[in-house]
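Asker: I have a structure here, written as structure tokens, and I will follow up with some questions on it.
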Amino acid sequence: MTHQSIDKFFKVSAILFGQRFVDMFVLDYHIIRLYRNELNTFGGKNYFTDLVFETREGVLLNFEFQDTKIKESDLKRYMDYKVYLQCQSGKAVVTVIICTYPIKSEVYIYNETETSFLKPIIRYLCDYDDEVKYLSLQNKLKNNLKFNHHEIQFLVLSPFMTDKPIRQNKIRDVCNLIEEIKTNKLFADEEMYLPLILAINQYISDEKEKTKLIEVLTMGMPADEIYEKVMNSGIYEQGIEEGMERGMERGMKKGLIKTAKNMKDLGDNILDISKRTGLSIEEIESL
């Protein structure tokens, strides 16, 4: 899978899962909206960070996704992004690097003595690979029990918690589970499967198998229609900055409304829901 495709996979995942994505990596921040990710450097060049969330704490949470073994040059680039973003926004920036490979020890101490305040938060997906949890979800399926958003997120991300040579098989396995989940109507929010379409297109080379797996996720909806749906949500750069921000905010608001509705259905206090999602009490009461 190319680096660009990995970026897209995680962008879609982060935006669709929203606060749950942040919570998974034990980050004590509460996101309220997506923030522009274009950086205008002092050299006049334009650069794009992978994904930036604005948080209720007043901090910008900058995610960078790394699917190759991180090098000192990568870390320096991410730290440059952090400085540019802080200068541009006037806000504190926390950089979070999500790695599918462990980092080299000599890279981790990059400039630690001189610029420790720039040190990023680094999370390795391999640390979240939980075979026991995976088996428990298989058993849950056998017993025809409902799945929640956290469990679906775990399934969607699980191929990237494994070594690259076996991701293709993991994708197949996950798609088979999702097919049964959908057939038995054990999870209702079909949008949450969309990131896997990007993974299927990159890792599965056989066109017939690729088509079959995508049909599992989309229930026969043409792949082009799915891509259009994702594009219209504002997840990818649209070229026009304002249009991109508006689209992303609409997608984010939709996710917050879904989260609030789920919390309300579970009997959570409306004030707590408002604090967690940033939605007004009136908006929550109307759900």
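Asker: Which of the residues that make up region 191-208 are surrounded by 14 or more Cβ atoms within 10 Å (Cβ to Cβ) and of a type outside the set (A, V, I, L, M, F, W, C)?
Answerer: E191, Y193, P195, N201, Q202, Y203
Asker: Among the residues of region 267-281, write down those that are part of a loop (DSSP other than H, G, I, E, B) and in contact (Cβ under 8 Å) with a residue 24 or more places away in the chain. Give the steps one after another, and end with the answer.
Answerer: Kept after step one, since they are part of a loop (DSSP other than H, G, I, E, B), are these residues of region 267-281: 267-269, 278-280.
Within region 267-281, just G278 meets the criteria.
Asker: With (1) in contact with a helix residue (DSSP H, G or I) (Cβ under 9 Å, 6 or more places away or on another chain); (2) not assigned by TED's automatic domain parsing to the domain that holds F10 as the list, and N144 as the residue in question, which single condition is left unmet?
Answerer: (1)
Asker: Here's something else I'd like to know. Starting from region 29-49, take each residue that is more than 18 Å from E64 (Cβ to Cβ) and list its partners that are charged (D, E, K, R) and modelled with pLDDT under 65, counting only C-beta distances under 9 angstrom and pairs at least six apart or across chains.
Answerer: Going by the 9 Å Cβ cut-off, the qualifying pairs are R33/E245; R33/E249; R33/K253.
Asker: Oh, and also: Among the residues that make up region 102-112, is at least one of them modelled with pLDDT of 75 or more, touching a Phe, Trp or Tyr at 6+ places or on another chain (Cβ under 8 Å) and assigned to a loop (DSSP other than H, G, I, E, B)?
Answerer: Checked against the condition, which is being modelled with pLDDT of 75 or more, touching a Phe, Trp or Tyr at 6+ places or on another chain (Cβ under 8 Å) and assigned to a loop (DSSP other than H, G, I, E, B), region 102-112 yields no hits at all.
Asker: Whether any residue in region 174-182 is in contact with a Lys or Arg (Cβ under 7 Å, 6 or more places away or on another chain), at pLDDT 85 or above and surrounded by 14 or more Cβ atoms within 10 Å (Cβ to Cβ) is what I want to check. Write out each step before concluding.
Answerer: Our first condition is that a residue be in contact with a Lys or Arg (Cβ under 7 Å, 6 or more places away or on another chain); within region 174-182, this holds for none.
There is no residue in region 174-182 that is in contact with a Lys or Arg (Cβ under 7 Å, 6 or more places away or on another chain), at pLDDT 85 or above and surrounded by 14 or more Cβ atoms within 10 Å (Cβ to Cβ).
Asker: Criterion first (modelled with pLDDT under 80, surrounded by fewer than 20 Cβ atoms within 10 Å (Cβ to Cβ) and assigned to a helix (DSSP H, G or I)) does K229 satisfy it?
Answerer: For K229, the condition - modelled with pLDDT under 80, surrounded by fewer than 20 Cβ atoms within 10 Å (Cβ to Cβ) and assigned to a helix (DSSP H, G or I) - is met.
Asker: Do we have E64 as within 25 Å of M161 (Cβ to Cβ) and at pLDDT 85 or above here?
Answerer: yes
The values are calculated or read from the model by the stated rules, or taken from the named source; none is laboratory data. This is a predicted model, so every value here is computed, not measured. Ideal geometry is used to build each Cβ from the backbone, glycine not excepted, and the neighbour counts take in all protein chains shown.
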